[in-house]
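Participant: Dropping the structure in here first, questions after.
What follows is calculated from the coordinates using simple rules that are stated; it is not laboratory data. Computed from a predicted model, the values in this text were never measured in an experiment. Glycine also receives a Cβ, built like all others from the backbone with ideal geometry; neighbour counts cover every protein chain displayed.
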Amino acid sequence: MSTPATLSALQARYGPRYRWLLLLSVMIGTMASIMSSTIVNVAIPGMSHDFGIGQERAQWVSSGFMVAMTVSMLTTPWLLARYGYRAVYAGAMLLLMAGGIVGGVSASFGLVLAARVAEGLAAGVTQPIPAIIILRAFEPHEQGRASGFFGMGVVLAPALGPSIGGLLVDWLGWRSIFFMVIPFCLASLYLGARFVPVTAPGGVAASRHAGALDWRGLLLASSGTLCLLNGLVQLHGGASLHAGALLLAAVSALGLFVWWQRRVQRGGGEPLMNLALFRHRSFVMGSWVALIYGMALFGSTYLLPVYLQLALGLSASHVGTVLLPAGLILAVTIAGVGRLADRQPVHWLVSTGLVLLAASFFLMTTLRLDSALAWLLAWAVLGRIGLGFILPSLSLGAMRGLPTVLIAQGSSAINFVRMLGGASGVSLCGIFLEWRIAAHGDSLTREQTSPERLAAFGEAFMLLGSLCALALLAAWRLREPKPEMLKD
């Protein structure tokens, strides 16, 4: 007897538990995609040595992944409408697995970079899918719990990935970390074949006549994102003229992107990003929070390990001691806050998280070279608790008020905005830090730390805390509408 494949048939076969099985299936694939985005950083030194390339060029294995992931998120609604959940999800998992295999056996840096871009494309397509499922398959009073369950699983990937990856690099070399995604991809393919429907969002049949992909919009978004990230990298490297030209090109391309989306929509076509999303106040406010929060989150992900080693003089093992418990506490917090999101106003939860995250950044400035490690651990944990309040709540608050037909577009758009903020945040944080270190008369090339270096890092943390405080202005306007839930 063949396994039923449409949404209605799967719901009839598995009953009320089906939605949880579906969420588990896509959660494992999302874990694989997130792990592939974070774990490669521990392989960059070994890769640089083996291929005889500089650190700046090797860093493109992370940057190339991020550009590909950011842009491909915009294609998810069109892919789902045209090919259905199962085909899109399975295709993304196969591409992610192929990228891992090719990256692990590559004999040239160019092939490794191509593999990372392929992984980024797969990760970008995958990441909006869980939010679409949560908002369409779960009742409003269950959506917070579902977000908490999903978020708890997903954050374990970046929490545990670098630690496991570091051990693999030490034991087996940098190539081994590319193969870490394979077991996750195989598991997700098996579960996807059983529980992910072949139908498109809404339970309707996928249609090859869903309209053409907006290739011009995709090209403009890709060009703008690539110019923005490359311009920030050039600015970081001190090439001001080149950086200025790239940033101007980025603003022009993104401006043309908005103009083109409006033109496509007026002509009755299907734009890559439906600008009708931005007629909803909660979505606009959520997008602002996502942009600023992405800058602070990704900026701190870059800044904190550098701070621990180059400012406080901690060893790599001490860095793991601080970050791993904080990551585990984040997973537990997300599970608890997910349940709260079903009963408490989302804007309260997001605002609480931003306050805690900002407080952790500001408190980092109180640490000195002789401070006890317990204080450092406490402030890191406080920040992760703040993240635990934000992660399961932000998407719900931004998208609950959207019409059902716009949920897929909303999920891809808000993920795109968050990643754009995150990619910018890493570069901006690095630029600001180098500026303040030079202003204090120090340099990161000096092996010995100093109070001046500590002060420069403190100012960088003040910047991140201020960004979180700024996001509060938008978070407070994330009032929860109470729409009639349209069942699939």
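Participant: Convex hull over the Cα atoms of the range 277-488, averaged projected area in nm²?
Facilitator: 12.0
Participant: Got a sec? Charge dipole of the chain, +1 on Cβ for Lys and Arg, -1 for Asp and Glu; which of 259, 430, 204 is way out at the positive end?
Facilitator: Working it through, the farthest residue towards the positive pole turns out to be 204.
Participant: Using amide H atoms built 1.01 Å from N in the peptide plane, name the residues 5+ places from residue 206, or on other chains, whose amide H lies under 5 Å from its own.
Facilitator: 200
Participant: Also: Rank these for me by crowding, 125, 88, going from fewest to most other beta carbons within 10 Å.
Facilitator: 88, 125
Participant: Here's another thing I want to ask about it. Go ahead and estimate [θ] at 222 nm for the chain from helices alone: -39,500 (n - 2.57) per DSSP H run with n ≥ 4, summed, over the residue count, rounded to 500.
Facilitator: The per-residue figure over the chain is -25500 deg cm²/dmol.
Participant: Quick one: if you stick a label point 7 Å off each Cα along the C-beta vector at residue 377 and residue 259, how many nm between them?
Facilitator: 5.7
Participant: What per residue convex hull volume, in Å³, do the alpha-carbon atoms of the range 1-208 yield?
Facilitator: Taking only Cα atoms, the range 1-208 has a hull volume of 121 Å³ per residue.
Participant: In the chain, which helices (entire DSSP H runs) extend 24 Å or more along their own long axis, judged by Cα positions, while averaging at least 0.5 on the Kyte-Doolittle scale?
Facilitator: 18-38, 76-105, 109-126, 140-172, 215-237, 240-266, 281-306, 316-340, 346-364, 373-399, 407-439, 451-475
Participant: Over the Cα atoms of the range 379-432, each weighted equally, I'd like the Debye log10 I(q)/I(0) at q = 0.24 Å⁻¹, rounded to two decimals.
Facilitator: For the range 379-432, the Cα-only Debye profile gives -0.98.
Participant: How much length would be gained if the chain were fully extended between residue 365 and residue 276, taking 0.36 nm per residue of separation minus their Cα-Cα distance, in nm to one decimal?
Facilitator: Gain in length upon complete extension: 27.8 nm.
Participant: Using 1/(1 + (r/R0)^6) with R0 = 51 angstrom and r between the beta carbons of residue 187 and residue 439, what's the FRET efficiency to the nearest 0.05?
Facilitator: Given R0 = 51 Å and the Cβ-Cβ separation, E is 0.55.
Participant: Calculate I(q)/I(0) for the chain by the Debye formula, one identical point scatterer on each C-alpha and no solvent, and give its log10 at q = 0.05, 0.06, 0.10 Å⁻¹ to two decimals.
Facilitator: Rounded to two decimals, the profile gives -0.18, -0.26, -0.74.
Participant: For residue 412, what charge total do you get from the other residues with a beta carbon under 15 Å from its beta carbon, if Lys and Arg give +1 and Asp and Glu give -1?
Facilitator: With Lys, Arg at +1 and Asp, Glu at -1, the net is +1.
Participant: Ok, one more. Compute the length gained on full extension between residue 207 and residue 344: take 0.36 nm times their separation in residues and subtract their Cα-Cα distance, giving the result in nm to one decimal.
Facilitator: So the chain would gain 45.4 nm between residue 207 and residue 344.
Participant: Ok, one more. Convex hull volume of the Cα atoms in the range 214-271, per residue, in Å³?
Facilitator: Measuring per residue, one finds 47 Å³ for the Cα hull of the range 214-271.
Participant: On to the next question. Of 215, 348, how do they rank once you tally other Cβ atoms within 10 Å and put the fewest first?
Facilitator: Listing 215, 348 from fewest to most nearby Cβ atoms yields 215, 348.
Participant: Residue separation times 0.36 nm, minus the C-alpha to C-alpha distance between residue 105 and residue 21: what's the value?
Facilitator: Here the answer is 26.8 nm.
Participant: Neighbouring Cβ atoms within 10 Å as the yardstick, rank 257, 138 fewest first.
Facilitator: Listing 257, 138 from fewest to most nearby Cβ atoms yields 138, 257.
Participant: Can you divide the C-alpha Rg of the range 416-457 by 2.2 N^0.38 Å and report the result to two decimal places?
Facilitator: 1.42
Participant: About its Cα centre, how strong a charge dipole does the range 1-208 have in debye, to the nearest 20, once Lys and Arg get +1 and Asp and Glu get -1 at the Cβ?
Facilitator: My answer is approximately 660 debye.
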